[in-house]
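One structure is given below, encoded as structure tokens.
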Amino acid sequence: MTERKPPGVSFETWADRQIREAEAQGAFADLPGRGKPLPNLNAPYDEMWWVKGKMRREGLSFLPPSLALRKEAEDAAAAVARARSERQVRQILTAVNEKIEAAIRRPPPGPPLNLRPFDVEQAVARWHEDRGGEAAEAADGGITGSGTAAPRRPWWRRLRPT
């Protein structure tokens, strides 16, 4: 539909002709979703449907800054559980602690923060406890005091009992 509507032709007739010509040329033959039902057809009308769909497709979310920081703190705690070295644990917690301390000094808008910085030393001690014998190996990045790589246990032996 790139051409202009000629004068004297009703809009409906002109639009119908444009659609009919495009369909005859096969312009609608390979559209994505062809033959599939329309998504959310029975959902109630929402003015922000496009924005919400775009955010869902892009993996975005909008949270007030205080809630976003709470979520980031939860993610940091989960990342600590998966960390492979003591240095990585310290880096994760130091980064999130800086953000928490800044938010405590200058509270962000939204709900109350209700967070305090992580105790890094306590978290590192807990991380060592969770790993048992391999904590010393992970603490120095897999290098023992002699400067050689420590033998690693098979992955299935490192799993914690449920």
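The values are calculated or read from the model by the stated rules, or taken from the named source; none is laboratory data. Fair warning: this is a prediction, and the values are worked out from it, not measured in the lab. Note that each Cβ is placed from the backbone with ideal geometry, even for glycine, and that neighbours are counted across all protein chains shown. Just so you know, the surface numbers come from the protein's heavy atoms only, side chains and all, with ligands and any DNA or RNA stripped out. Shrake-Rupley method; radii C 1.70, N 1.55, O 1.52, S 1.80 Å.
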**Report entry** Verdict on residue 113 being farther than 23 Å from residue 131 by Cα and either touching a residue at least 12 places away in the same chain (Cβ under 8 Å) or in contact with a Phe, Trp or Tyr (Cβ under 9 Å, 6 or more places away or on another chain) (or both)
**Finding:** yes
Query raised in the report: How many residues does segment 49-83 contain that are open to solvent by 100 Å² or more (accessible area, probe 1.4 Å), over 26 Å from residue 101 (Cβ atoms) and either in contact (Cβ under 8 Å) with a residue 12 or more places away in the chain or assigned to a helix (DSSP H, G or I) (or both)?
Result: 6
Query raised in the report: Going through segment 110-154 one residue at a time, which ones are of a type outside the set (Asp, Glu), modelled with pLDDT under 50 and not in a loop (DSSP other than H, G, I, E, B)?
Result: 135, 136, 138, 139, 143, 149
**Report entry** Search result, residues across segment 84-109 that are under 18 Å from residue 130 (Cα atoms) and assigned to a loop (DSSP other than H, G, I, E, B)
**Finding:** 84, 85
